[in-house]
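The values are calculated or read from the model by the stated rules, or taken from the named source; none is laboratory data. In this text the structure is predicted, and so the values were computed from the model without any measurement. Here the Cβ positions follow ideal geometry from the backbone for every residue, glycine too, while neighbour counts run over all protein chains shown. Ligands, DNA and RNA are excluded from the accessible area calculation, which covers all protein heavy atoms including side chains. Shrake-Rupley method; radii C 1.70, N 1.55, O 1.52, S 1.80 Å.
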Amino acid sequence: MPQHPASIFIMDIQNSSAEGMGEELSAYLEKMVKWIKTWTNDEVIVKHRRGDEIILIANGYSTAYEIAHFISVIWNLPDNPPYFGVTFGDISRELKEIDIETWIHPMIKLAREANESLKKEGDERSQFKFYIKENRAEVQLLMNSLLMMHQKLVNEQTDLQKMVFSLFEIFNQQRKVAKILGKSPSTISSHFKKGSGEELRMIFINLNIVLNSLQQKEFPDSHPALPKLQQSIRTYLQQHISEWYSKEEGKGNL
């Protein structure tokens, strides 16, 4: 039976049981599911379930992590940040053949175990954790070490540095970010560097390089499942900036 490269994340939300947050969080997650479907042209399986959980199954080793990254970048409920148990490997079915409610697979278990491990770590947890097959234990160790460093850098950012990084990650243009925030490019550059923006981008880029390299070794004839995924996400978010970023709020934080 032919195998296909795939990746999965299971996302939960911190402090989701806080009083009065249920309906707002549920609506926000439903909106996020719609965005993911738009970004990927419905080429993934994604579902909001179990109250505060989103599960995603995608073709390609890097796809789930890429989508999780951009969710974290634009997330605008700071008291309820998301965290992701992520895995990748091979599956014997095409996505169109999978019923997400009944499908049983070791990768689902790995993503769930990674998510549960993060849950036990409390408020200082990393935002992402990979659990993968035992024969890739060294890769898992190195990837999660990078993600722990990633979280340390994020935790050290000021609110303004977080905002600058988010806008820079979407627009990829210093002058555009400066115009949005009404500041000089040099000011934006300073905040980006002081907020370890270059290091955070390096970690994201290098993890994707590793994931795609591993996929090529396992599936030489394959290509990243959604080669234009990052551009698709950025284009959508650039065109719908008011849906994820409040200009007035941004100015107020400067």
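The table below gives the values:
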| read-out | value |
| --- | --- |
| Vicinal HN-Hα couplings computed from phi for segment 78-87 (Karplus, 6.51 cos²θ - 1.76 cosθ + 1.60; Hz; Gly/Pro x) | x, 7, 9, x, x, 9, 10, x, 10, 8 |
| Relative packing of peptides 63-73, 180-190 - highest average C-beta neighbours within 10 Å first | 63-73, 180-190 |
| Potential lengthening between Ser242 and Lys96 on full extension [0.36 nm per residue; Cα-Cα distance subtracted] | 49.3 nm |
| Distance between segment 104-159 and segment 47-67 - C-alpha centres, whole angstrom | 14 |
| Relative pair counts by distance (%), Cα atoms of the chain, 5 Å bins | 1, 6, 13, 17, 19, 18, 13, 7, 3, 1, 0, 0 |
| Mean separation of Cα contacts under 8 Å (6+ apart) over length of segment 102-224, as relative contact order % | 17 |
| Overall Cα dimensions of segment 106-254 - principal axes, largest extent first, Å | 50, 38, 26 |
| Simple spin-label estimate for Asp221 and Glu199 in nanometres, 7 Å along Cα-Cβ | 4.4 |
| Surface accessible to a 1.4 Å probe, Arg201 within the full protein complex, Å² | 50 |
| Phi-based couplings in Hz for segment 52-61 (Karplus 6.51, -1.76, 1.60; Gly and Pro marked x) | 10, 10, 10, 10, 9, 10, 9, 6, x, 5 |
| Angle in degrees between helix 197-218 and the longest Cα principal axis of the chain, rounded to the nearest 10 | 20 |
| Segment 41-160 - Kirkwood radius from inverse mean 1/r over Cα pairs (Å) | 15.4 |
| Cubic angstrom per residue, convex hull over Cα atoms of segment 1-95 | 83 |
| Degrees separating the helix 106-121 axis from the principal Cα axis of the chain, which is the longest one | 40 |
| Dipole magnitude of the chain, debye to nearest 20 (Cβ charges: Lys/Arg +1, Asp/Glu -1, about Cα centre) | 860 |
| Linear extension gain, Asn135 paired with Lys31, 0.36 nm per residue minus alpha-carbon span | 33.7 nm |
| Integer Hz, Karplus 6.51/-1.76/1.60 couplings in order for segment 139-155, x for Gly and Pro | 5, 4, 4, 5, 5, 5, 5, 4, 6, 5, 5, 3, 5, 4, 5, 5, 5 |
| C-alpha long axis of helix 22-39 to longest principal axis of the chain, angle in ° | 70 |
| For the chain: relative contact order, % (alpha-carbon pairs under 8 angstrom, 6 or more apart) | 22 |
| Of Lys31/Lys133; Lys47/Lys194; Lys37/Lys193; Lys47/Lys162; Lys109/Lys129, pairs whose Cα-Cα distance is over 25 Å | Lys31/Lys133; Lys47/Lys194; Lys37/Lys193; Lys47/Lys162 |
